[in-house]
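These notes are about the structure you will find just below.
The values are calculated or read from the model by the stated rules, or taken from the named source; none is laboratory data. Keep in mind the model is a prediction, meaning the values are calculated, not measured. Virtual Cβ from ideal backbone geometry, glycine too; neighbours counted across all protein chains shown. Quick note on the areas: whole protein, heavy atoms, side chains included, nothing else; ligands and nucleic acids left out. Shrake-Rupley method; radii C 1.70, N 1.55, O 1.52, S 1.80 Å.
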Amino acid sequence: MISWEEAVERIGEELQPLGTERVALLDAIGRALGETVTLPCDLPAWDNSAMDGYALRAADAGPAPSTLPVAGERWAGSAPGAPIAPGTAVRIFTGAPLPPGADAIVKQEETTREGDRVTLHVEPRRGDFVRPAGEDGAAGTVALAPGHELLPPEIGRLAALGRSHVAVHLRPRVGILASGDELLAPDEPMREGGIRESNAFALAAAAIEAGALPVILGIARDRAGEAERLLAAAAISCDAVVTCGGASVGERDLLKDALRGIGAEERFWRVAIKPGKPFGFYRLPGGKPVFLLPGKPASASVTFEIFVRPGLRRLAGLQGHGRPEVELPLAAPARKSADLALWVRGNLQGGRFVASPHQSSGLTRSLVGQRALATLPVGPASLEAGHPVLVRLLGGAPARS
């Protein structure tokens, strides 16, 4: 077995981002930038006012109070206009360009207007409430570099630079294949010995959350040739494949044989974690990755989070798993196998990590409402309450009990 850290590193080293496409700004949200974006001009393009008030030359105003004649107005959207006449003030509004020669703004609240004259109750200094040209970036400088994840602030900045479309990395198409004679589709009538197939739907949802495009391939039954057929089709139509079940050591665990049958290369199998020890990573002919996940629901979801999510994000041009992590104390003692890293589902309460009472890897209820994963490292077989552990935050609010 290899460590989970080595497994993540090896997957990341083997995968490269997919190509790029040009999309509208709102279709780029959450995706990786596929080009270098530079500023076409200074931003803002001219000195402008940060406040409603009066523009003037600071040298024209003496100690407060001082009075100046008002010579004109400037509104947001107007042109800078003629240079300011010495010894005068110009009424100005937030965002309006400064008249050439003006170098300070006095806020409206610190003035008194009487007719065409304004009294200043402060002595202005050069640069007061002036937003200089280029303050938000100089022409020709890099605004956003390739690989940058485009979130709402980045979308706004691109719009501010005059971009309506942008190049982003392709979202990977990931085929999801379940296996087993016992599995039933959600709307299929229950039969004796049957189990509802849920992994493919949970993993497809996780793939969407990771920025991929899932394709549910169906269920490979436990008979020779069926898994090979589905995997061979996925190798053509998908950028990656995720399988769940059929990858352990049972007589009907046929997926590894199926992969060998279509020429896939095993890169590693078995990782020193719980749940999810029989996780494996393969490369199809042509290099497309295959992630072999265990069939139990919690094992499948946890190994997807640890290994598949960062792998899909890598294909999409993004970095890492993209989740916040914090170090928190355990709320209660924990026991584990000394030679395995234990990934525990739970939540944050009062600044501590509280493990779910349901940790069985075969229970879907062990995942519901659990918004954090704590990593208990290889080594100690028991950890006391208060011991610090690394906690990955999965998003969303904990479900109410």
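Overall, the accessible surface of the chain at a probe of 1.4 angstrom is composed of carbon and sulfur to the extent of 54 percent. How far is helix 4-14 tilted off the main Cα axis of the chain, in degrees rounded to 10, range 0 to 90? Helix 4-14 sits roughly 70 degrees off the main axis of the chain.
For a straight C-alpha distance cut-off of 17 angstrom, the lysines reachable from Lys288 (same-chain residues fewer than eight places away being disregarded) are Lys256.
Going by a ≥ b ≥ c, the root eigenvalues of the Cα gyration tensor, does region 233-313 fall in the rounded group (a/c under 1.5), the prolate group (a/b larger than b/c) or the oblate group? Cα axes put region 233-313 in the oblate bin.
Could you report the chain's accessible area per residue, 1.4 Å probe, as an integer in Å²?
Accessible surface, normalised per residue, equals 47 Å².
For Ala104, the residues whose modelled amide H falls within less than 5 Å of its own, excluding neighbours fewer than 5 places apart on the same chain, are Leu56, Ala58, Gly127.
At a threshold of 8 angstrom on Cα-Cα distance, excluding pairs fewer than six apart, so keeping six or more, what relative contact order does the chain reach in percent?
Working: 936 pairs, mean separation 63.0, N = 401.
This gives 16 percent for the chain.
Summarising the label geometry, the points placed 7 Å from Cα in the beta-carbon direction at Ser198 and Ala71 lie 7.8 nm from one another.
Given a 1.4 Å probe and heavy atoms of the protein chains only, how would you sort Leu390, Leu255, largest accessible area at the top?
From most exposed to least exposed: Leu390, Leu255.
Of all DSSP bridge pairs formed entirely within the chain, close to 70 percent run antiparallel.
Given R0 = 45 Å, the distance between the Cβ atoms of Gln319 and Arg260 translates into a calculated FRET efficiency of 0.90. Length gained on full extension, Ile29 to Arg229, computed as 0.36 nm times the residue gap minus the Cα-Cα distance: 68.5 nm.
For the chain, the longest principal axis of the Cα atoms and the long axis of helix 226-237 meet at an angle of about 20 degrees.
Looking at the square roots a ≥ b ≥ c of the eigenvalues of the Cα gyration tensor of region 277-338, which shape do they give, rounded for a/c under 1.5, prolate if a/b is larger than b/c, or oblate? Oblate, since a/c reaches 1.5 and b/c is not below a/b. Against the empirical curve 2.2 N^0.38 Å, the C-alpha radius of gyration of region 133-292 lands at a ratio of 1.39. Site pair Thr38 and Ser237 shows an inter-label distance of 4.4 nm when each label is modelled 7 Å from Cα along Cα→Cβ. A value for mean projected area of the Cα convex hull in nm² was derived from the coordinates, and within the list [x] 20.4; [y] 27.5; [z] 18.5 it appears as [y].
Leaving out same-chain residues fewer than 8 places away, which aspartates and glutamates sit with a Cα under 12 Å from that of Lys296? Candidates past the 8-residue exclusion: Glu197. Note on Leu254: accessible area approximately 50 square angstrom, rounded to 10, probe 1.4 Å, nucleic acids and ligands left out.
Which angle from 0 to 90°, rounded to the nearest 10, does the C-alpha axis of helix 199-209 make with the longest principal axis of the chain? Helix 199-209 and the main axis of the chain meet at about 20 degrees. Computed from phi, the 3J(HN,Hα) profile of region 117-131 under the Karplus parametrisation 6.51, -1.76, 1.60 (θ = phi - 60°) reads 10, 10, 9, 9, 9, 9, 9, x, 10, 4, x, 4, 6, 9, 9 Hz, with x in place of Gly and Pro.
Across region 351-358, computed HN-Hα scalar couplings (Karplus, 6.51 cos²θ - 1.76 cosθ + 1.60, θ = phi - 60°) run x, 10, 8, 10, 6, 5, x, 10 Hz from first to last residue, x flagging Gly and Pro.
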